[in-house]
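Inspection log for the structure reproduced underneath, given as structure tokens.
Nothing in this text is a laboratory measurement; each read-out follows from the coordinates by a stated rule. In this text, all values refer to a predicted model and were calculated from it rather than measured experimentally. As a convention, Cβ positions derive from the backbone with ideal geometry for all residues, glycine included, and neighbour counts pool all protein chains shown.
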Amino acid sequence: MTTPVSHSQILNSADFAPITQRADVHAISRPSQSYWQDAWARLKKNRRAIVSLWLIVGLLAFALLGPWLWQIDPARQDIDQISQAPGADRSATIVAPYAPWDGTVAAEFAGGSGLRLAMAANSQAVRLHWDAVPGAAGFRLYRNIFAADDEMAFGLPIADFPTPAAGYYEDRLDLRPDTYYYTLAVQAADGTLTANYQTLAVPVNRVITLDEVRERELAPAEAALDIGDEVHLALHPLGTDYLGRDMLARLMAGAQVSLFIGIIAPFLYVLLGVAYGATAGFVGGRVDQLLMRFADFVVALPFLLFMILFQVVFGIGPGESGIVPMLIALVVLAWPATARLVRGQILQIRQEAYISASRLLGARSSYLVWRHMIPNTMGVILVTLTFAVPSAIFTEAFLSFIGMGVAPPTASWGSMSNEGLARMLTHPHELIFPSLFISITVLAFNLLGDGLRDALDARMRSFE
Amino acid sequence: MWKYTLKRLIQGIITVWFIATATFLAMHNVPGDPLSGQRATNAAIRANLEAKYGLDKPLTEQYFIYIGNLLQGDFGISFTQQNRQVNDIIREHFPVSATLGILAVIFAALGGVLWGALTALYRNRLPDTIIMFLVILGISVPSFVFAALGQLTLVNLNALFGISLLPVAGWGTVSHMLLPALVLGMGTMAYLTRLMRSSMLEIIHSDYVRTAKAKGLPAARIFTRHQLRNAILPVITVLGPAIAAITTGGFVVELVFAIPGLGRYFVQAVQQLDYTVIMGTTVFYGAFLVFMVIVVDLLYGWIDPRVRLQ
């Protein structure tokens, strides 16, 4: 056990002398930061929010500057390239214009037996010929895009031949640069198929005539082109859709529609909600009761059902895009949430001491609203706005997806997804690109909203 | 409690009346009318038909007839399908939507609570990171993409195993319901997971949890008795709106999976301008949603006595 230490041992009279006063005691060492500067500094520290902010800037640039850089009409159809995946082969060989065929076999294809080519197969025509099969009553020719396997899936029957003799056939039906599987099945006397069949895989090359090259301006007008030369078809960086329209141009046009609705509609209804909620909160009493009861009713309306109903009411006529009706419907139905929020905030702020002080100093109501109440609710409003954008984009995409949104020639990400869904198995890029854009946009706005909420309002700060 | 219930029910009835009126007025402003087209060939026939269907009466009188019919539970007869009552359509197709919706809500609620609690317990560790990444994905990807991807995955899985694990589309058995319900509940589950996580994190730092720990209660007991039960409350409050979101979100899933639900019927009716079906379905859905929100609120009061006192 240690002995207790007496005070005289550690303190002496010198310790009680007053210290000299410094002049800079009250100086502020750092410049003061306003609310918005502080919020910006906090936001800058949040890496996810900043990345999202840049993503949003990039998306806006894609929608606004994109069409200026990539000047392709989103409605223009390229019939040579339908449902092309991005990076598909675009080369085409120039050939002579189509001429009818009398069944002669080209010299280099002479010989062989069974079902075989009579000339080089290209997208202009596939010319086949075959030998007689003894004992057959006739033939049926099929075409497929898959090899006929054990299930004997021959595909599309394209011609019937009621004679067992050798024959020839020219296929010109919607040929694309792909490999086709032609099957010649032998028919019995009663017309049924026998198990006897021959299959031929035909790789088809893309060809184009000189006139088509000139007409579609695929080569400079002064270029000397000859048969056998190779030209490149129009470039589609992200491929084409089922009508041969450029995906990149359509995605840009769709971005304009989706972002327009996604940003303007929330802006308008948040504005309406702020005005409504501020009025209710500020005036208070019976007016407040009445206004908020009405807002309760609007909230209770089943949102998507009424969105669809409004689309019907506005009736999209021919040539209209259906963007404005959707905008109006969104504004009419979505404002109450903001109104409730702002009213709550205003009611809270009304109790604050600085409002009483300001009133005591003779401030008018309009001054109180503009100088104190609106700036103090600005953070909440901004966060609401940021979270309202993804939900508006979702609503637009959802409505366009079920065919109740923008009218067909207008592209929007939702309607593009809808069109892509039908061809999901064969041409997945038509679904993947628009839905990817929707997801990225919604993700960016959500993350930015999280960041803004954390930066702007300490009370709403989430547990992260 | 009874007074509160009564008050909520009266409010609910007024809300349904508001929905019915809004629907009536909206449908009356639709350009054109059901008699245009080939039904009324000249003015005399048109006048007769209008008299027959009561369309020549003033708007207020038509409104009272409509409300009177609604009060008797009569939604009218379909305009495009011969001899089909809207009541029959609802009776036939709503149970399908409701089954799908309930399954999706159960799935979303259970999943949300489970994942949310798990992420909070493993805060800032690998399970948390993985689940929160999936949650952000679930919030950002539209339901039709989930539906399409789910279907595509199922097709490939079925092809891979050579047997039909689950049917790709259609309706009838429990196996038909699983994937659509999963897809339908996905967005809500992601949302509830986030909510559960932040609520759970708040509870973990609360005084009573510390006290329970100090008393030496086993961790499992603290988790189930103290943390989970309290953290679940905010999830229950948003369950009402979540049910609304899921039932109306069912349109897309019903379209993609070819499920004969009311949502698909509604979209079809809108495309064919089948006025009575549109009005009937909207009012019915609206009433259902209002009722569900009231039930959830009452349930909340029953679960959390603090709410009752206010």
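Once Lys and Arg get +1 and Asp and Glu get -1 on their Cβ, which of A:PRO434, A:SER91, A:LEU347 lies farthest toward the positive end of the dipole of chain A?
A:LEU347
What percent of all Cα-Cα pairs in chain B falls into each 10 Å bin, going from 0 up to the bin containing the maximum distance?
Percent of Cα pairs in each bin: 5, 20, 25, 22, 15, 8, 3, 1, 0.
For labels at B:GLN272 and A:ARG172 in the simple 7 Å Cα→Cβ model, what's the distance in nm?
It is 4.2 nm.
Averaged over every viewing direction, what's the projected area of the C-alpha convex hull for the protein assembly as shown? Give it in nm², one decimal, please.
Averaged projected hull area, Cα only: 58.4 nm².
Based on Cβ point charges of +1 for Lys and Arg and -1 for Asp and Glu, what charge dipole magnitude is obtained for the protein assembly as shown about its Cα centre, in debye rounded to the nearest 20?
It works out to roughly 4740 debye.
For an R0 of 45 angstrom, estimate the FRET efficiency from the Cβ-Cβ distance between A:ALA96 and A:ALA153 and round to the nearest 0.05.
0.80
Report, in order of residue number, the helices in chain A meeting two criteria: a C-alpha extent of 27 Å or more along the helix axis, and a mean Kyte-Doolittle hydropathy of at least 0.5; treat each whole DSSP H run as one helix.
Membrane-span-like by this criterion, though nothing is claimed about a membrane: A:247-283, A:374-401, A:429-456.
Students often check this: by mean Cβ neighbours within 10 Å, which of B:129-139, B:211-221 ranks highest, and how do the rest follow?
Highest mean packing first, the order is B:129-139, B:211-221.
Amide H of A:GLY405: which non-local residues (sequence gap of 5 or more, or other chain) have their own amide H closer than 5 Å, using H built in the peptide plane?
Here A:SER400 satisfy the definition.
Sort B:227-239, A:135-147 by packing, meaning the average of other beta carbons within 10 Å per residue, with the highest value first.
Result, highest mean first: B:227-239, A:135-147.
Once the piece of chain linking A:GLN351 and A:LEU225 is laid out straight, how much longer is it, given 0.36 nm per residue of separation minus the C-alpha distance between them?
The span from A:GLN351 to A:LEU225 would gain 37.1 nm if fully extended.
Can you tell me which of B:291-303, B:113-125 comes out highest on packing, and rank the rest after it, using the mean Cβ neighbours within 10 Å?
B:113-125, B:291-303
Mark the label point 7 Å from the Cα of B:TYR208 along Cα→Cβ and return the residues of the stretch B:224-247 whose backbone N is within less than 19 Å of it.
Answer for this model: B:224-237.
Over every pair of different alpha-carbon atoms in the stretch A:49-142, take the mean of 1/r and invert it; report that Kirkwood radius in Å.
It is 19.3 Å.
Direction-averaged shadow area of the convex hull around the Cα atoms of chain A, nm²?
48.3 nm²
Work out which helices of chain B, taken as complete DSSP H runs, extend at least 30 Å along their axis over the Cα atoms and score a mean Kyte-Doolittle of 1.6 or more, then list them.
The answer, listed by residue number, is B:275-303.
For a Förster distance of 51 Å, can you work out the FRET efficiency between the beta-carbons of A:LEU271 and A:ALA106, rounded to the nearest 0.05?
Once rounded, the FRET efficiency stands at 0.10.
Using the charge dipole of the protein assembly as shown (Lys, Arg: +1 at Cβ; Asp, Glu: -1 at Cβ; taken about the Cα centre), state which of B:GLN271, B:ILE246, B:MET27 has its Cα farthest towards the positive end.
About the Cα centre, the residue reaching furthest to the positive side is B:ILE246.
When the helices in the protein assembly as shown are scored as -39500 (n - 2.57) per DSSP H run of 4 or longer and the sum is shared across all residues, what 222 nm value do you end up with, to the nearest 500 deg cm²/dmol?
-19000 deg cm²/dmol
Suppose every Lys and Arg Cβ carries +1 and every Asp and Glu Cβ carries -1, with no other charges. What dipole size does the stretch B:88-273 come out with about its Cα centre, to the nearest 20 debye?
880 debye
Could you size up the charge dipole of chain A around its Cα centre, putting +1 on the beta carbon of Lys and Arg and -1 on that of Asp and Glu, and report it in debye to the nearest 20?
3300 debye
Charges on Cβ only, +1 for Lys and Arg, -1 for Asp and Glu, centred on the Cα centroid of chain A; of A:TYR367, A:ALA125, A:VAL389, which one is farthest towards the dipole's positive end?
Positive-end residue among those listed: A:TYR367.
With the crude spin-label approximation of a point 7 Å out along Cα→Cβ, what separation in nm comes out for B:THR21 versus A:ARG286?
So the two model labels end up 1.9 nm from each other.
Which percent of Cα-Cα pairs in the stretch B:88-273 sits in each 10 Å bin, short to long?
Bins of 10 Å from zero give 9, 31, 29, 19, 9, 3, 0 percent of pairs.
Which one, B:TYR191, B:TYR208, B:TYR265, has the greatest fluctuation when you compute a Gaussian network model over chain B with C-alpha springs under 10 angstrom?
B:TYR208
Return the average number of partner chain Cβ atoms within 10 angstrom of each residue Cβ along peptide A:307-313.
If you average over the peptide's residues, the count of other-chain Cβ atoms is 6.
Looking at the stretch B:1-158, what % of the alpha carbon pairs are farther apart than 21 Å?
71 percent
Say a paramagnetic label sat at a point 7 Å from the Cα of A:TYR367, along Cα to Cβ; which residues of the stretch A:333-353 have their backbone N under 18 Å from it?
Only A:350, A:352-353 fall inside the zone, counting backbone N under 18 Å.
Can you figure out the FRET efficiency of A:LEU360 with B:TYR63, using R₀ = 41 Å and their beta-carbon distance, to the nearest 0.05?
0.20
Please build a GNM for chain B, connecting alpha carbons under 10 Å apart, and tell me which residue among B:GLN62, B:GLN268, B:GLN72 fluctuates the most.
Most flexible of the set in this elastic network: B:GLN72.
Only residues of the stretch B:242-270 count here: report those whose backbone N is under 12 Å from the spot 7 Å along Cα→Cβ of B:GLU92, or say none.
Hits in the stretch B:242-270 for B:GLU92 at 12 Å: B:260-262, B:265.
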